[in-house]
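Here the structure comes first, spelled out in structure tokens, and everything after it is commentary.
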Amino acid sequence: MAVGNTIQGTVPGISADELGVEALRQTLASSGIAKAEIDGLITCKSYGGFGIDTEIGRLAGLNPAYSATLDYGTCNFSLHLAAAVIDAGLASCVAIVYGTTQRSDGNRFTLPLGRQDDAARHGFLNVAGPAGMAFRRHQALYGTTEADLGEIAVSQRRYAQDNPLAIFREPLSIDDYLAAPYLVEPLRRADLCMISDGGACLIVASAEKARELTERPVHVMGIAQQTGLRDRQNADQWMRPWIGQVAERIYPAAGIDREAVDALYIQDPTSVWVMQMLEWYGFVEPGGVGEAFRSGAVGHGGTLPLNTNGGQLSEAYMWGFLHLCELVRQLRGEAGERQIEGLRTAQYSSTFGMMKAASTIFSTEVS
């Protein structure tokens, strides 16, 4: 895999598609891959509906053998489609391109989440609503405190302080977190992602093609997905139990045990989703998230590094694409001051709100 990204923040005067194409240009330049090698193109619609493969292909000057646009193609879902396309023989070198101007456009992310009538009726017009309900359920089941949840944002901010791309880099202590006002009770600003403009690109190739393109490939070892489309028909839907089905399949798919994961990346539009996925994938006992961070088992300076870029809570909200950029750089030893030594295997897990979950395991070694 090759990765690249633009600056993050407010980037006026350039369209979302142009930001995506700039990320593609930077990825090609830094990897040494020729544009002519790209025979597949997958784009992901940004919030507001931009990012169409036909437009990005035109701007980039590409006539690939295969192209597609996903309405919700956040990194894992786009990556899994690319893997399927390559496995089917439809392409051998696929560029996944994403660009967004959601910050400059003033998008407030107020579309109903989930079933339209139900979400609107209950005011779930942003991820904060469902996440707040999910955390209240967690508190009722396990006695989890707001300080326990705050450890996630605090840990990721510490990583962000070493990341020049991150938008939030000022120090954040647990006392700072608890002193902040609620945004949507029981969640605070630090529990929710940082909206930004920007672009990101991943180039995924078949194993044979990758050997031609680089001496340091990062291999996709296993993928898994699961839906929760029955919505409120699912028992305890706030806890998103179908994530556990992905956890049951991802490690056999990769041919490894959970203990072999050297670094973990979790898409984090909210800290609550991080807490849930830490538990469902078995890295933290249910109700034990606070102690896991305080003991050094997980997070900044801990045994299991988590979201070493600062995640969407501190770096930028790019639908998880920057997590994969960071993951690949960490595995290649290219992460600068925040480099974690000795990484060979990393896992990336993501969700689509209350509807889908996906995970991918990567390694620098092929078993």
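The values are calculated or read from the model by the stated rules, or taken from the named source; none is laboratory data. Remember, it's a predicted structure, so these values are computed and weren't measured experimentally. For neighbour counting, all protein chains shown are included, and Cβ atoms are generated from backbone atoms with ideal geometry for every residue, glycine included. To get the accessible areas, we keep the full protein, side chains included, count just its heavy atoms, and leave off ligands, DNA and RNA. Shrake-Rupley method; radii C 1.70, N 1.55, O 1.52, S 1.80 Å.
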task: Describe numerically, in nm with one decimal, the distance between label points set 7 Å from Cα along Cα→Cβ at residue 52 and at residue 147.
output: 5.3
- prompt: Once P(r) over Cα pairs in 20 Å bins from 0, in percent is worked out from the coordinates, which option in [x] 23, 50, 24, 3, 0; [y] 31, 61, 8; [z] 28, 55, 17, 0 does it equal?
  reply: [y]
task: Rounded, prolate or oblate: pick one for segment 221-327, where a ≥ b ≥ c are the square roots of the eigenvalues of its C-alpha gyration tensor, a/c under 1.5 means rounded, and failing that, prolate if a/b is larger than b/c, else oblate.
output: rounded
Global form of segment 323-367, assessed from the alpha-carbon gyration tensor, a/c cut-off 1.5: oblate
query: Comparing 248, 285, 215, which has the greatest mean-square fluctuation in the GNM of the chain with Cα pairs linked when under 10 Å apart?
result: 215
- prompt: In whole Å, how far is the Cα centre of segment 248-263 from that of segment 28-44?
  reply: 29
task: For segment 189-222 and segment 350-367, write down the distance between their C-alpha centroids in whole Å.
output: 12
- line: Of every hundred units of 1.4 Å-probe accessible area on segment 1-90, the number belonging to carbon and sulfur atoms, as a percent, is 53
message: Filter the chain for me: DSSP H helices, axial length by Cα at least 24 angstrom, mean Kyte-Doolittle hydropathy not below 1.0. List them by residue number.
response: none
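By average Cβ neighbour count within 10 Å, what is the ranking of 23-34, 307-318 from highest down?
The densest-packed peptide leads the list: 307-318, 23-34.
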message: With an 8 Å Cα cut-off and a minimum separation of 6 or more residues, compute the relative contact order for the chain in percent.
response: 23
- prompt: Taking every eigenvalue of the Cα gyration tensor of segment 126-191, multiplying by 5 and rooting it, what semi-axes result, largest first, whole Å?
  reply: 23, 13, 11
Theoretical gain in end-to-end length, residue 216 to residue 249 [0.36 nm per residue, Cα-Cα removed]: 9.2 nm
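With the Cα gyration tensor of segment 1-73 giving a ≥ b ≥ c as the square roots of its eigenvalues, does the rule (a/c under 1.5 for rounded; else a/b larger than b/c for prolate; else oblate) give rounded, prolate or oblate?
Here segment 1-73 falls in the oblate category.
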task: Can you work out the accessible area per residue across the chain, with the rest of the protein chains kept in place, probe 1.4 Å, in square angstrom?
output: 40
task: Show me 255-268, 234-247 ranked by packing, highest mean number of other Cβ atoms within 10 Å first.
output: 255-268, 234-247
- prompt: Mean residue ellipticity at 222 nm from the helices of the chain, using -39,500 (n - 2.57) per DSSP H segment of n ≥ 4 over the full residue count, to the nearest 500 deg cm²/dmol?
  reply: -10500 deg cm²/dmol
task: Straight distance only, please: which lysines reach the Cα of residue 45 with their own Cα at less than 21 Å, same-chain residues fewer than 8 apart left out?
output: 356
- request: Would you look at the GNM of the chain, springs on alpha carbons closer than 10 Å, and say which of 170, 55, 326 moves the most?
  value: 170
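Taking the highest mean first, how do the peptides 152-161, 327-336 order by number of other beta carbon atoms within 10 angstrom per residue?
In descending order of packing, they fall as 152-161, 327-336.
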query: What percent do you get for the relative contact order of segment 293-367 when only Cα pairs under 8 Å and 6+ apart count?
result: 17
